[in-house]
1. I'm trying to understand the selection: among the residues of region 323-380, which are over 34 Å from the mean Cα position of the chain (by Cα) and in a loop (DSSP other than H, G, I, E, B)?
2. Across region 287-341, which residue is surrounded by the fewest Cβ atoms within 10 Å (Cβ to Cβ) among those that are in contact with a strand residue (DSSP E or B) (Cβ under 6 Å, 6 or more places away or on another chain) and more than 28 Å from Leu260 (Cα to Cα)?
3. Within region 143-190, which residues are without any contact (Cβ under 8 Å) to a residue 40 or more places away in the chain, within 20 Å of Ile80 (Cβ to Cβ) and surrounded by fewer than 22 Cβ atoms within 10 Å (Cβ to Cβ)?
4. Restricting the search to region 230-246, which residues are at pLDDT below 95 and either surrounded by 16 or more Cβ atoms within 10 Å (Cβ to Cβ) or not in a loop (DSSP other than H, G, I, E, B) (or both)?
5. Are there any pairs, at least 6 apart or on different chains, whose C-beta atoms fall under 8 Å, with the first in region 407-431 and without any contact (Cβ under 8 Å) to a residue 24 or more places away in the chain and surrounded by fewer than 18 Cβ atoms within 10 Å (Cβ to Cβ) and the second of a type in the set (D, E, K, R) and not in a helix (DSSP H, G or I), and if so, which?
6. Considering region 36-88 alone, what residues qualify as being over 16 Å from the mean Cα position of the chain (by Cα), among the β-branched types (Val, Ile, Thr) and crowded, with 22+ Cβ neighbours inside 10 Å?
7. Which residue out of Asn443, Asn439, Asn451 is crowded, with 21+ Cβ neighbours inside 10 Å, closer than 24 Å to Ala172 by Cα and in contact with a strand residue (DSSP E or B) (Cβ under 7 Å, 6 or more places away or on another chain)?
8. Would you pick out the residues in region 340-352 that are of a type in the set (Gly, Ala, Ser) and under 18 Å from Phe311 (Cβ atoms)?
Amino acid sequence: MKRKIFTIASAASLVGLMFCAEAALAQKSGGVLKAYHRGTPPSGSIHEEATNSTLTPYMGVFNNLIMYRQDVARDSLETIIPDLAESWSWSDDLTKLTFKLRSGVKWHDGKAFSSKDVKCTWDLLQGKSKAKLRKNPRKAWYKNLDKVTTNGDGEATFHLKRPQPAFLALLASGYSPVYPCHVSPKKMRTNPVGTGPFKFVSLKQNEHVKFTKNPNYWKKDRPYLDGVEWTIIKSRATRVLAFIAGKFDMTFNVDVTVPLLKDVKSQAPHAVCELVTTNVSTNLIVNQFKPPFDNADVRKAMVLAIDRKAFIDILSEGQNLQGGAMMPPPSGVWGMPPDFLKTVAGYNPDIAGNRAAARKIMEGLGYGPDNRLKVKVSTRNIAVYRDPAVILIDHLKEIYMDAELDTVETSNWHAKVARKDYMVGLNLTGIGVDDPDANFYENYSCGSQRNYTGYCKPEMEELFAKQSMMTDQAARKKLVWEIDKKLQEDAARPMISHGKAAQCWQPHVKGFVTHVNSLYNNWRMEDVWMDK
């Protein structure tokens, strides 16, 4: 994907700023980076949350075994580098993955990091340990993991049940930090301890989250910043205006919508903004356990009612993309190409015809102008959720459904839908890794906490495993397209659009790179510095 970079200045300044200045200037240490946040994080435990409201501010507290390079915009297997692991190796049959670990690394409380912490982390994620996570949204990532063993303090081996070449991609995500054995999950929610470049200082509800430099970070020349402070401002218009006024060095994680980007460009011509794909989809979730939505025909009618182009035009001025479960190309590696997408039922651009077919389905079920179905549409109480939910309600009216909006606070949203305590929902799904192993197992696999609709088909489970084992990536891609097509036609989690949004920062902020195929993997902040 061609990345759109806005530095609202002369062309000469653009070239000088983006390509020359950082090479010429030495990184400066010091300063506290001030950013805004859209709401109070539900907790400080990355492993227990399914939102960038937690991951974005807290990623710098932790390290992974391996990670995606922070300075490369597109995450891939080729951009994975060592972190707490010095190196890794596969067994010949691709079922054992061994990591050689760094020595001398300390947790923020001074205790030594070792292979025991690696084993404890994945035992916790698999539900094998005495300690338990309150929520475990990515447990399904590790369905294929049999166990983790250690060899002394400096080596850990992941034993897989079958080959899974993309397992590395999961471990490199910002959602895969190593936790300390000696700190309870309860404490990690409120006072997390890591090995990362920043130490947690404090969280105050609806006010701030603060972090300070780890003076004993194992990367001796990092971080450059003295700290990072996130000020919580719930109103999107208010927080963007505060950035324009210079009160913040950086916006929240791709928080600036396409319409708001115009305001930033016109009122803060010096600001650096990047409009990127986010690998966050807007989608319809329907609780398949609640009548009448346990009826596949009702769900099919709802899918036919959706005018995807209308959503895209209204919310992003035509910038968002149509696609299936996997992020569409060219940014996405695994998404269905446009010609293939046209073969998927429900993606016919004849909206009037689609809705006529949907009304016929509903009439066959006894609904009509004089017998309309009452629906409650639940969504998270932030603008990027509420705005499309209002459009969805309008579309459902076309097929004899009268919907009421039910807004849910951020701290409760993911828990509510995970326990299937909803009827119909408008959801945004962010994918931690642009790989089918992450998306299919997390969002569509039987029993996953993030499978909010309850979709479960044994034949699809077999296809998930088949694509996961494939080493021929071109052949794997074609199978992934077929799987994605089936998911859309089953109305497993109907896709409305794939989003674009902008990340903005003041020109004195250096060393930050926005990633284009996941918004979860570039918030370590150890390479960021300020030239002021």
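The values are calculated or read from the model by the stated rules, or taken from the named source; none is laboratory data. Keep in mind it's a predicted model, so treat the numbers as computed, not measured. Cβ coordinates were reconstructed from backbone atoms using ideal geometry, including for glycine residues, and neighbour counts include every protein chain displayed.
1. Leu365, Gly366, Tyr367, Pro369, Asp370, Arg372 - these are the residues of region 323-380 that are over 34 Å from the mean Cα position of the chain (by Cα) and in a loop (DSSP other than H, G, I, E, B).
2. Looking at residues that are in contact with a strand residue (DSSP E or B) (Cβ under 6 Å, 6 or more places away or on another chain) and more than 28 Å from Leu260 (Cα to Cα), I get Phe293.
3. Leu145
4. Arg236, Ala237
5. From region 407-431, no pairs qualify.
6. Val61
7. Testing whether each residue is crowded, with 21+ Cβ neighbours inside 10 Å, closer than 24 Å to Ala172 by Cα and in contact with a strand residue (DSSP E or B) (Cβ under 7 Å, 6 or more places away or on another chain) leaves just Asn443.
8. Scanning region 340-352 gives Gly346, Ala352.
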